[in-house]
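Each remark here refers to the structure printed beneath this line.
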Amino acid sequence: MNKKNNFKISCLGSVYYGSNLPEVELSIKSLIQGLEKPEEIILVIDGDIKTNLKSYLKNLEKSKIIKLVSCKYNNGLGIALNIGLKECKYDLICRFDTDDISLSNRLIESKKAFERN
């Protein structure tokens, strides 16, 4: 496997009222500043969220960094992710938690693992 793979990646995450801005910021920054960039980031807003987080996400959406999918009510993580899954354009989907920081090589290693299997 010497050739570079051509898999495109959708990253999928979700936020809810309990999500806090500093954690979400770090999580998203770690994805977009990684060695490999995702082709898209789909983020589900699962019901009402805090105003500062909503403002931050709306600004990211305007700059085309992420696509937001809003749920009127909090449905829980499983249902929110299933809703977001329908919005993902690519077959390789990297699920991320919005309170975790991704290693810089996360998407590269994900592509390699997918290619091997």
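The values are calculated or read from the model by the stated rules, or taken from the named source; none is laboratory data. In this text, all values refer to a predicted model and were calculated from it rather than measured experimentally. Every residue, glycine among them, receives a Cβ derived from its backbone with ideal geometry; neighbour counts consider all protein chains shown. Surface areas here come from the heavy atoms of the whole protein model, side chains and all, with no ligands, DNA or RNA. Shrake-Rupley method; radii C 1.70, N 1.55, O 1.52, S 1.80 Å.
Report the Rg/Rh value for region 45-103, based on alpha-carbon coordinates and the Kirkwood definition of Rh. Value, to two decimals: 0.95. Given the pairs Lys54/Lys86; Lys50/Lys111; Lys54/Lys111, which span a C-alpha to C-alpha distance of over 29 angstrom in this model? Correct reply: Lys50/Lys111; Lys54/Lys111.
Dividing the helix sum by the residues of the chain, where each DSSP H run of 4 or more adds -39500 (n - 2.57), gives a mean residue ellipticity at 222 nm of -11500 deg cm²/dmol. Probing with 1.4 Å while keeping every protein chain in the model, the per residue accessible area of the chain equals 61 Å².
Annotation: aspartates and glutamates with alpha-carbon distance below 20 angstrom to Lys29 (same-chain offsets under eight excluded): Glu39, Glu40, Glu61, Asp97, Asp99, Asp100, Glu109.
Translational diffusion of region 20-78, estimated by Stokes-Einstein from the Kirkwood radius over alpha carbon pairs at 37 °C in a medium of 0.692 mPa s, is 269 µm² per second. Would you work out which of Val24, Val44, Ile65 lies farthest towards the positive end of the dipole of region 1-66, given +1 charges on the beta-carbon of Lys and Arg and -1 on that of Asp and Glu, about the Cα centre? About the Cα centre, the residue reaching furthest to the positive side is Ile65. Please work out which option in (i) 15.5, 42; (ii) 14.2, 47; (iii) 16.2, 53 gives Rg and Dmax of the Cα atoms in Å calculated from these coordinates, and answer with its label. Label (ii) holds the value from this structure.
Under a model in which nothing but the beta-carbon of Lys, Arg (+1) and Asp, Glu (-1) is charged, the chain shows a dipole of about 460 debye around its Cα centre. Heavy atoms only, probe 1.4 Å: what % of the accessible area of the chain goes to carbon and sulfur, would you let me know? About 51 percent, which is the carbon plus sulfur part of the accessible surface.
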